[in-house]
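The values are calculated or read from the model by the stated rules, or taken from the named source; none is laboratory data. Values in this document were obtained by computation on a predicted structure and should not be read as measured data. A quick note on method: Cβ atoms are made from the backbone with ideal geometry, for glycine too, and the neighbour counts reach across all protein chains shown.
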Amino acid sequence: MIISRVKRTLPRPGHLLTVGLALLCSLLFVLPAKADPAPFDDCPSDTLCLYSGSDGSGDRRDFTESGNAESYDATWDGKTLSAKNNTKLWACVYVGTGYGGLLQTIKPANSDEYSTDSRFAGTISSHKLVPSRAHCFTGYERCPDNRVCTFTEPNGRGTMTVHRPATDTATKNYGNSYGSDVAPVSVWNRTRKHVCFYPEPDFTGTWTDPADGQVYGAYVVLRGDSTTVPAPFAGTFRSHELVNGTSECQ
């Protein structure tokens, strides 16, 4: 009778260690990599964050809800390529200073990207935070009380010039130093008198309406009124005075 004997080989401790290390390495290889932070995650709450790179990258400038800026300093002007509005207000960003030129609006808690839009990439020069989107399209609120304010763009936008009351009771001069750089396109008269505008710096001159040929000696903005100036008056004011009644206009 032949008896077959099977020789059993016990695994050596070194072999078990090798297998264990292999399994551990395979587990390490399948662990998920640490995710990069989401864009704009670094923007603090109650803050408008402007970035010099796309998707919230690059340098960051922070502005609080009261931190409206009619212009930026030279180190930031035209640098914004993306933005995060982490406030409860609407954010309005503008290509021009003084809330002028093209504009974009950003809803509360939203972000915006400008790097792929040639109209806004490297051109943003001012911003403000407002309670509703409609406020992005006007800038009259900048005018102080008891002043006549003129603006270089419609609806109180663009460069604003503030005119203070004069002390000359004879001429009632409230301003005659207009130039092409401050030629008014809109006006807010926040005084208690009416204001008469003229096309000449000495409170004289006339306009002729090409539509009907009518001649006008003064353009009047009543006390408390704000308006966008129509043709043929827009951009042509060179002086103005305050009067108690419109019949007093020169």
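In the stretch 143-166, how many are free of Cβ contacts under 8 Å to residues at least 40 places away in the same chain and either of a type in the set (Ser, Thr, Tyr) or on the phi > 0 side of the Ramachandran plot (or both)?
Final tally of qualifying residues: 1.
Looking at (1) of a type in the set (Val, Ile, Thr); (2) under 13 Å from the mean Cα position of the chain (by Cα); (3) farther than 17 Å from residue 67 by Cβ, which is the only condition residue 152 fails?
Status for residue 152: all satisfied but (2).
Residue by residue through the stretch 96-127, note down the ones that are farther than 22 Å from residue 38 by Cβ and touching a residue at least 60 places away in the same chain (Cβ under 8 Å).
Result: 96, 97, 98, 124, 127.
Mind checking which residues of the stretch 185-207 are in contact with a Pro (Cβ under 6 Å, 6 or more places away or on another chain) and part of a loop (DSSP other than H, G, I, E, B)?
185, 205
Every residue in the stretch 200-220 that is surrounded by 12 or more Cβ atoms within 10 Å (Cβ to Cβ) and on the phi > 0 side of the Ramachandran plot, please.
Of everything in the stretch 200-220, those that are surrounded by 12 or more Cβ atoms within 10 Å (Cβ to Cβ) and on the phi > 0 side of the Ramachandran plot turn out to be 203, 205.
Residue 116 is checked against (1) buried (at least 18 other Cβ atoms within 10 Å of the Cβ); (2) more than 13 Å from the chain's Cα centre (by Cα); (3) among the β-branched types (Val, Ile, Thr) and fails just one. What number does that condition carry?
It is condition (1) that residue 116 fails.
Hey, among the residues in the stretch 110-142 that are outside any loop (DSSP other than H, G, I, E, B) and among the acidic types (Asp, Glu), which one's nearest to residue 81 (Cα to Cα)?
Among those that are outside any loop (DSSP other than H, G, I, E, B) and among the acidic types (Asp, Glu), it is 113.
Just to be sure, is residue 46 out of contact with any Pro (no Cβ under 7 Å at 6 or more places or on another chain), among the acidic types (Asp, Glu) and more than 28 Å from residue 154 (Cα to Cα)?
Taking the combined requirement at face value, the residue satisfies it.
Can you pull out the residues in the stretch 36-56 that are among the small types (Gly, Ala, Ser) and in contact with a strand residue (DSSP E or B) (Cβ under 6 Å, 6 or more places away or on another chain)?
Hits for the stretch 36-56 are 45, 54, 56.
Looking at residue 191, is it surrounded by fewer than 20 Cβ atoms within 10 Å (Cβ to Cβ), closer than 14 Å to residue 150 by Cβ and in contact with a Leu (Cβ under 9 Å, 6 or more places away or on another chain)?
yes
Please return the ranges of strands (runs of 3 or more DSSP E) entirely within the stretch 1-109 where 1 or more residues are surrounded by 12 or more Cβ atoms within 10 Å (Cβ to Cβ), of a type in the set (Gly, Ala, Ser) and modelled with pLDDT of 95 or more.
Counting at least 1 such residues, we get 82-86, 90-96, 100-106.
Restricting attention to the stretch 218-243, which residues are of a type in the set (Ser, Thr, Tyr) and part of a loop (DSSP other than H, G, I, E, B)?
236
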